[in-house]
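The values are calculated or read from the model by the stated rules, or taken from the named source; none is laboratory data. Since this is a predicted model, take the numbers as computed values, not measurements. Because the Cβ atoms are built from the backbone with ideal geometry, glycine has one as well, and the counts that use them run over all protein chains shown.
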Amino acid sequence: MDKNQESIIENNIVTALNVLKEFTATPGCGVTRFPFTEEARQACAYLKERMEAVGLTVRMDTSGAVIGRLEGKRASTIMIGSHFDSVKHGGAYDGIAGVVCAIEVARLLQESGRELEYSLEVIATNDEEGARFNTGLFTGKVLLGQLTCEELKTQVDAEGVSVYQAMEDFGLQPEQIAAHPRDDIKAFLEIHIEQGPVLEAKNKEIGIVDVIVGIKRARIKINGRADHAGTMPMHMRQDALEQAAKVISKIGDRARLFRNCVATVGFLQVEPNIMNIVPQSVTFAVDIRGVDEETIMTQYYSLLADLDRMSLESGLTYEVEHLLYAQPVQMSESIKEQLEISCINRQLEYMHLPSGAGHDAQIFGAQLPAAMLFVPSVGGRSHCPEEKSEARDLAKAVLVAYDGIVKMMDFC
Ligand SMILES: [Zn+2]
């Protein structure tokens with residue numbers, strides 16, 4: 001592919017992303033595009049237009065995803081795409097850049113005049129972030145039949161509007177949600193910005209994702225006793241924050257012992273949180289991520305052992321509430337191999353890396369062959385208005401994905 005074609009891809013990407021970033025509920029303060037909103041409707045209409053312009057037959061499915069289809073010899077489908085929704089005050093690239101790239105892949109396939117063995121669908125998924133209803137990965141779950149109509153009624157946003165209601169208001173039919181799970185999807189490919197600093201720091205142009213990390217989350221409450229901060233002697237007090245601090249201080253260092261692991265305490269609540277009162281209780285939430293179940297759970301059980309020891313030594317009690325466990329999801333070896341061959345042929349600087357964030361590809365990858373390409377994030381910034389990836393890097397991902405899809409037509 002010559003330089004001229006690369007610059008056409010770059011231009012198309014820039015044009016589309018510049019239009020799409022205007023579909024936000026927070027103009028001037030980043031992109032806020034929640035599912036089933038006016039901004040979502042505008043983005044969907046524009047994506048439909050772009051998909052139709054490259055010759056795709058476009059529809060909106062029951063989940064509110066925009067899908068553009070190219071019919072192949074077989075009805076079975078290879079899918080490429082990412083999400084069109086965003087977090088609050090997010091950037092103009094997370095998710096949507098992958099959708100715009102996927103449309104470019106479809107355009108290249110169309111223009112190549114190739115006969116497709118399998119059908120191809122470009123998908124812009126809905127509510128991947130979960131920013132509105134505290135859920136996420138919505139379209140993937142709907143496509144694979146993992147959600148019931150009843151669940152949609154219990155998941156509500158900050159205003160008390162349920163997913164069910166929001167879908168109806170948007171013109172969708174929530175009752176249909178479980179009716180037609182897709183069993184025709186052969187494979188799923190996603191281009192996404194890295195959202196971290198690794199590719200840039202290592203001077204790589206593209207990343208091939210090996211695994212999407214697993215996550216263990218728990219909320220822990222340590223119970224002490226509120227007393228006067230001046231009159232209660234040190235050896236007689238039951239200071240919940242002092243004990244919590246000892247346990248929490250080990251979490252980060254423990255994560256550093258494992259490769260590709262991270263652990264975060266991002267939530268802390270002190271009661272009564274008053275300067276001259278010994279803390280009565282501390283609640284904190286821990287988020288542990290890793291590339292295999294063993295390293296995640298080893299850290300988690302070590303944390304529980306620390307809590308037991310703390311309780312034994314101090315006499316304080318604790319409670320643990322399980323919040324989430326998501327398995328690490330391995331990406332398809334055979335698709336990764338093809339992507340790697342493409343990177344080599346095109347003389348791109350590439351590397352393998354895990355994804356520390358969740359993505360649509362994890363839902364698909366748990367059930368069928370899936371793969372992800374990461375595009376460098378400038379400064380590693382993401383989920384903020386400063387988020388950016390260079391158009392030339394996005395264009396390279398388009399070319400690698402194009403090569404990958406051509407090969408997948410043969411072996412999937
Ligand atoms: Zn994303």
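Would you be able to say whether some residue in segment 134-143 is within 16 Å of the ligand (Cβ to nearest atom) and touching a strand residue (DSSP E or B) at 6+ places or on another chain (Cβ under 6 Å)?
yes
Could you check segment 37-111 for strands (runs of 3 or more DSSP E) lying wholly inside it with 3 or more residues that are within 16 Å of the ligand (Cβ to nearest atom)?
Result: 74-83.
Any chance you could count how many residues in segment 321-338 are surrounded by 14 or more Cβ atoms within 10 Å (Cβ to Cβ) and under 23 Å from ALA263 (Cα atoms)?
Going through segment 321-338 one residue at a time, the tally reaches 7.
Taking GLY145 and the conditions (1) in contact with a Lys or Arg (Cβ under 7 Å, 6 or more places away or on another chain); (2) at positive phi, which numbered condition does it fall short on, given that it satisfies the others?
For GLY145, the exception is condition (1).
Would segment 37-55 turn up any residue that is modelled with pLDDT under 95 and over 23 Å from ILE185 (Cβ atoms)?
Within segment 37-55, none of the residues are modelled with pLDDT under 95 and over 23 Å from ILE185 (Cβ atoms).
I'm told GLY266 meets every condition in (1) in contact with a helix residue (DSSP H, G or I) (Cβ under 8 Å, 6 or more places away or on another chain); (2) free of Cβ contacts under 8 Å to residues at least 40 places away in the same chain except one. Can you identify the failing condition by its number?
Of everything listed in (1) in contact with a helix residue (DSSP H, G or I) (Cβ under 8 Å, 6 or more places away or on another chain); (2) free of Cβ contacts under 8 Å to residues at least 40 places away in the same chain, GLY266 misses just condition (1).
Does GLU128 meet the test of being surrounded by 24 or more Cβ atoms within 10 Å (Cβ to Cβ), charged (D, E, K, R) and within 13 Å of the ligand (Cβ to nearest atom)?
Here the answer is yes, as GLU128 does meet what is asked.
If you check GLU22 against the conditions, is it in the same structural domain as HIS83 (by TED's automatic domain parsing) and out of contact with any Ser or Thr (no Cβ under 7 Å at 6 or more places or on another chain)?
Yes, satisfied.
Looking at segment 113-142, I want the residues that are within 20 Å of ILE212 (Cα to Cα) and without any contact (Cβ under 8 Å) to a residue 24 or more places away in the chain and have a partner that is outside any loop (DSSP other than H, G, I, E, B) and more than 14 Å from the ligand (Cβ to nearest atom) with Cβ atoms under 8 Å, at least 6 apart or on another chain. Which pairs are those?
none
Take the conditions more than 16 Å from the ligand (Cβ to nearest atom), within 20 Å of the chain's Cα centre (by Cα) and polar (S, T, N, Q) and apply them to ASN223. Does it pass?
It is false that ASN223 is more than 16 Å from the ligand (Cβ to nearest atom), within 20 Å of the chain's Cα centre (by Cα) and polar (S, T, N, Q).
Among the residues of segment 238-250, are any outside any helix (DSSP H, G or I), at pLDDT 95 or above and under 30 Å from HIS322 (Cα atoms)?
There is at least one residue in segment 238-250 that is outside any helix (DSSP H, G or I), at pLDDT 95 or above and under 30 Å from HIS322 (Cα atoms).
Please verify whether segment 239-247 includes one or more residues that are buried (at least 17 other Cβ atoms within 10 Å of the Cβ) and of a type in the set (Asp, Glu).
yes
Looking at segment 38-53 only, could you name the residues that are in contact (Cβ under 8 Å) with a residue 40 or more places away in the chain and more than 20 Å from ILE9 (Cβ to Cβ)?
If the condition is that a residue be in contact (Cβ under 8 Å) with a residue 40 or more places away in the chain and more than 20 Å from ILE9 (Cβ to Cβ), then ALA40, ARG41, ALA43, CYS44 are the ones that fit.
Of a type in the set (Lys, Arg), over 30 Å from ALA218 (Cβ atoms) and more than 16 Å from the ligand (Cβ to nearest atom), is that true of LYS388?
No, not satisfied.
Residues checked against (1) more than 17 Å from the chain's Cα centre (by Cα); (2) part of a loop (DSSP other than H, G, I, E, B); (3) modelled with pLDDT under 95:
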{"position": "LYS336", "(1), (2), (3)": "yes, no, no"}
{"position": "LEU339", "(1), (2), (3)": "yes, no, no"}
{"position": "HIS352", "(1), (2), (3)": "yes, no, no"}
{"position": "LEU373", "(1), (2), (3)": "no, no, no"}
{"position": "GLU386", "(1), (2), (3)": "yes, yes, no"}
{"position": "VAL398", "(1), (2), (3)": "yes, no, no"}
{"position": "TYR402", "(1), (2), (3)": "yes, no, no"}
{"position": "LYS407", "(1), (2), (3)": "yes, no, no"}
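Tell me whether segment 16-24 contains one or more residues that are within 15 Å of VAL99 (Cβ to Cβ), within 16 Å of the ligand (Cβ to nearest atom), in contact (Cβ under 8 Å) with a residue 24 or more places away in the chain and surrounded by 24 or more Cβ atoms within 10 Å (Cβ to Cβ).
Yes; the residues of segment 16-24 include at least one that is within 15 Å of VAL99 (Cβ to Cβ), within 16 Å of the ligand (Cβ to nearest atom), in contact (Cβ under 8 Å) with a residue 24 or more places away in the chain and surrounded by 24 or more Cβ atoms within 10 Å (Cβ to Cβ).
Give me the pairs: first residue in segment 182-199 and touching a residue at least 12 places away in the same chain (Cβ under 8 Å) and more than 19 Å from HIS83 (Cα to Cα), second residue of a type in the set (Ser, Thr, Tyr) and within 16 Å of the ligand (Cβ to nearest atom), beta-carbon distance under 9 Å, and six or more apart or on different chains, which are they?
Listed by first residue and then by second, the contacts come to PRO197/SER377; LEU199/SER377.
Counting only residues that are of a type in the set (Gly, Ala, Ser) and in a strand (DSSP E or B), which one in segment 282-324 is farthest from ALA357 (Cα to Cα)?
ALA285
Can you tell me how many residues in segment 339-362 are farther than 19 Å from ASP393 by Cα and either in contact with a helix residue (DSSP H, G or I) (Cβ under 7 Å, 6 or more places away or on another chain) or surrounded by fewer than 16 Cβ atoms within 10 Å (Cβ to Cβ) (or both)?
1
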